[in-house]
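In what follows, a structure is listed as structure tokens, so that the remarks can point back to it.
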Amino acid sequence: MKQVPVERNQTVRQQLLTLLEEDVLGVRELSQHLQITEKEVYSHLEHIERGVKASGKRLRVEPARCLYCDFVFEDRTRKKTPGKCPVCRKTRIQRPQFTIVSSST
């Protein structure tokens with residue numbers, strides 16, 4: 001994870017937006033960088049997804065993927081990592097990654 005300068009006088013959501021505009025990150029990396037729980041990050045992501053639409057951007061989600069059979073959870077609307085793969089029933093799932101991009105992308 002590259003170091004993105006985040007101003008400490010920003011709100012957590014503003015810091016999250018800054019990080020997501022600069023890099024593709026998972027919830028764990030965001031949680032560690034901002035020193036908040038992963039559960040809080042998921043909550044903020046829901047609000048950010050709605051909020052960035054007004055500025056002509058969108059939250060792009062690189063979907064979770066099964067590390068055994070390469071099944072990609074493309075149609076999943078929830079942000080959290082699935083518990084197990086519906087194809088092979090294994091639990092080694094690569095977590096989804098998030099970034100902010102312009103709506104035209």
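Details
- Matching option when the condition is outside any loop (DSSP other than H, G, I, E, B), charged (D, E, K, R) and more than 12 Å from the chain's Cα centre (by Cα), among LYS84, LYS53: LYS53
- Annotation note: of LEU19, LEU30, LEU25, the sole residue that is closer than 20 Å to VAL101 by Cα, at pLDDT 90 or above and touching a His at 6+ places or on another chain (Cβ under 7 Å) is LEU19.
Residue-wise test of (1) surrounded by 13 or more Cβ atoms within 10 Å (Cβ to Cβ); (2) out of contact with any helix residue (DSSP H, G or I) (no Cβ under 7 Å at 6 or more places or on another chain); (3) closer than 30 Å to CYS88 by Cα; (4) in contact (Cβ under 8 Å) with a residue 12 or more places away in the chain.
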{"position": "ARG13", "(1), (2), (3), (4)": "yes, no, no, yes"}
{"position": "ILE36", "(1), (2), (3), (4)": "yes, no, no, yes"}
{"position": "TYR42", "(1), (2), (3), (4)": "yes, no, yes, yes"}
{"position": "ILE48", "(1), (2), (3), (4)": "yes, no, no, yes"}
{"position": "VAL52", "(1), (2), (3), (4)": "yes, yes, no, yes"}
{"position": "GLU74", "(1), (2), (3), (4)": "no, yes, yes, no"}
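- Just one of the listed residues (LYS79, LYS90) is assigned to a loop (DSSP other than H, G, I, E, B), surrounded by 12 or more Cβ atoms within 10 Å (Cβ to Cβ) and over 14 Å from the mean Cα position of the chain (by Cα), and it is LYS90.
- Search result, residues across segment 54-72 that are surrounded by 12 or more Cβ atoms within 10 Å (Cβ to Cβ) and either closer than 21 Å to ARG13 by Cα or of a type in the set (Phe, Trp, Tyr) (or both): LYS57, ARG58, LEU59, ARG60, VAL61, GLU62, TYR68, PHE71
The values are calculated or read from the model by the stated rules, or taken from the named source; none is laboratory data. This one's a predicted model, so the numbers in the text were calculated from it and none came from an experiment. Every residue, glycine among them, receives a Cβ derived from its backbone with ideal geometry; neighbour counts consider all protein chains shown.
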